[in-house]
Every structure is written in structure tokens, then in C-alpha cells.
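Accompanying notes for the structure given below.
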Amino acid sequence: MSEIALQKKEKPKRATNKKHTRLAVSMVYFSMGLGFSSWASRIPDIKTALLLNDAMFGSILFALPVGQFLMMPFSGKLVNRYGSHNVLKFSLPAYTIALSTIGLVQHGWQLGIALFLFGVFGNMCNISVNTQGVAAEQLYGRPIMASFHGGWSLAGFTGALIGLILINLKVSPFWHFVLIIAVVWIIVRITYPYLLNSELEKRKTQGRRKFFMKPDGILLQLGVIGFFSMASEGAMFDWSGVYFKDVVDAPSSLVILGYTSFMIMMAAGRFLADILILKMGRKLLMQISGAMISGGLFTAVLFPGLISSTLGFMMVGLGVSSIVPSVYSSAGKHPTIPTGIALATVSSVSFLGFLMGPPLIGFISEAFGLRYSFAVIGVFGIGITLMVAKVKALASE
């Protein structure tokens, strides 16, 4: 009788710890999203203050994904060796410090350096937090990865709202970013004890892995899908405010509406995605999502009014909501490659979308106009639908 009573007492404790872990991981995703959305909300202000045209600004934006991309091989190794919880303890505070330096720039080259560092620490955070997400999903035994990314998107909306308020209060980008530092550091201090340790991340590997190896075919396919999605996201993050300002000709107080509507729907879609995956399967949901990305961007291009563009950007938000979480979740289930390294491989290909998307928009915009550049990105949604049909690993999910 005493053993049965003891077991009954232990069950609520294990459930509570599991919930604490899920909340802690969600808050780390939220912290990352808050940092990135804070930068995105001030992009039009910083572009204007530095007197940069579309081509120049697009070239400078290239520095952020370059930093992310160059850090890819090292982030996976660091996570696999030291554990994602330890890497996050350092990289997330460093990420916010890099953010604050963006608010101090006076010249374009300074912005490039600041964005490069923002990308380096951002990638360390990205691989670490998604490794935490995969481990937490394994702990629960059902799809929850999309809800974690939903926390990131919810932070995007929160960051956009904070940005809107501070812009109207005439607060400079630097003091805006200092406020974000304080919020994120508090979150890190509270959540760190509840993050999963490295034991849950380790997997058996066949012998000693070389630093550079031929990428796994399945991971490459997932990476291409992520590439198309991240290129579309990059267009929204870096150019939605400029699109509403220059093409939609929205009032200054509503320039951020496109980005905000996109982030709201992306957050909503991610909180629903796990349920939809259980009902219709991951593959079908991703194919529908690709069609929505194309439909939304083409709507904004063909009908560049305030309402129609807002609706189009909302469709894009719903479309991209499930793609990256699904890609990362599938990569994290690879039977032979450690989670951190698998995620780094997929991210290396996926983040080429961020690497190439924003500058591509800038160059096409300079030559033909911003509407044409958004139309090119719209084709990527069709690419997602076609690629998903070819990936056999998604058929069983």
C-alpha cells in the first residue's frame, strides 16, 4: 500500500516538471522571436536614417544571414558537445547585446558588422533552441514543435506592437533594444533551470564523425523545403514594412501593419499546426501551406491596396507557419545523426533562403520595382508544394 501511495504522489510531480520544461522551452523561443522582431520593427527607421537605397540596403542585409550561415557547422558541434542548455546560457544574452549595437550604428558598414554578429549569435540560439524543442517533443511523444515556433511568432507580434508604440513615442532604436535586453535576460534567468540537459540530445553514431561530411539526402530535401519557406519569411521580415511604405503607400502609422498581420497569422497557424498534423498528416498540411504562400504573395502583388495586401500577407503568415517546424521536427527524428548536427545540416540549406531572399528582393526591386521582386518570391510557395510530394520521410508522419 505504501508503494502504491508513493507512486501516486510521484506522478503529479513528473507531469508538473514536464509542463515546466515545455513552458521554459517556449519562453526561450519567445525570447529569440522578441529580439528578431524588435530589429524588424525598426528596419524602415534605420534604412531612412542611414539614407540607403533598396540595392544598398539589400546588400547590407546580406550580412545577417552570412553570420548565421558561417556559424552553422560550429553551432551543431557545440550543441552536440556541450549541450543546448549550456550553449543557450551564453548565446541568448550575447544575441541581445548584438541587437543593441544595431541601435548605435551611424554608417552602412557599421550596420553590416552589427548584423553579422547578430546572425552569428542568432544561429547559435537557433540550433540550441530547436534541439531543446526536438527533445521536449520526444519527451511528450506527440507533435508540439509547431507550438514552440508559435511562441517565437507570438513574440514577433509582441515585438511589432512594442515597436509600434515606441516609434510613435519617438524612442530611439538603441533604447528600444536596451529594453528588450532587460526582458530577455530576466527570462533566461528564470527558465534556465528547467531546460533539458544534454543527455536527452545524444544519439548513437556510427564511429567518429568527421567535421565535414557529405550531407544526408533526406536532410538535403528537407533543407530545400526550408529554403523556400525561409526565403518567403525573409521577404516578410525585411521588406514588408518597405512594401507597405513604398508600394501600398500606407500612412506612416500603418506601415508596420503588413508585418504585424503576417506575424499574427503565423503565430495562430503554429498554435493550430500540431492539431492539424494529427488530423490530416504533416505532408498534406505542408502542401496546402505552400499553395497559401504563393496565393498570398500574388494577391499582394496583383492588388497592392491596403486591405488586399494585408489579407495577402495574412495568407503568407498562415502558409509559412507549419513549414519550418515540420522540417526541423522531421530532421530531429533522423535515426543515425545527432539532433544538433541534423538541425545544423537542414538549417545550412534552409538559411540560404534568408541569405539570398532579402538581397534578391533589393536587386530586383532596384531594376524592376518591389512588386516584381515579391512576385518572384511567390513562386517559392509552389516549389514547396512540389518538393513535399517527393520527400518520402514525410509520408509516414
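Build a GNM of the chain with springs between Cα atoms under 10 Å apart, and of S309, S365, S348 the one that fluctuates most is S365. Given a 1.4 Å probe and the protein chains as shown, E366 ends up with an accessible area of around 100 Å².
Taking a ≥ b ≥ c as the square roots of the eigenvalues of the Cα gyration tensor of the chain, is the shape rounded (a/c under 1.5), prolate (a/b larger than b/c) or oblate? Prolate shape, in that a/c is at least 1.5 and a/b is the bigger ratio. When the pairs K333/K390; K279/K333; K18/K283; K77/K283 are compared against a 24 Å limit on Cα-Cα distance, K18/K283; K77/K283 fall above it.
Based on C-alpha pairs under 8 angstrom that are at least 6 apart in sequence, segment 74-189 has a relative contact order of 37 percent. Along the charge dipole of the chain, Cβ charges K/R +1 and D/E -1, which of S347, I382, L104 sits furthest on the positive end? Final value for the positive-end residue is S347.
Remark: relative contact order (segment 10-117) = 36 percent; criterion is Cα-Cα distance under 8 angstrom and separation of 6 or more residues. The calculated 222 nm mean residue ellipticity attributable to helices in the chain amounts to -27500 deg cm²/dmol, summing -39500 (n - 2.57) over DSSP H runs of n ≥ 4 and dividing by all residues.
Considering only R371, R81, R22, the mean-square fluctuation computed in a Gaussian network model of the chain, springs between alpha carbons under 10 angstrom, is largest for R81. Our Cα-only numbers for segment 48-180 put the radius of gyration and Dmax at 16.6, 51 Å. In percent, rounded to a whole number, the relative contact order of the chain is 26, using alpha-carbon pairs under 8 Å and six or more apart.
The values are calculated or read from the model by the stated rules, or taken from the named source; none is laboratory data. Computed from a predicted model, the values in this text were never measured in an experiment. Reconstructed Cβ throughout: ideal geometry from the backbone, glycine too, with neighbour counts over all protein chains shown. Remember, those area values only see protein heavy atoms, side chains included, never the ligands or the DNA or RNA. Shrake-Rupley method; radii C 1.70, N 1.55, O 1.52, S 1.80 Å.
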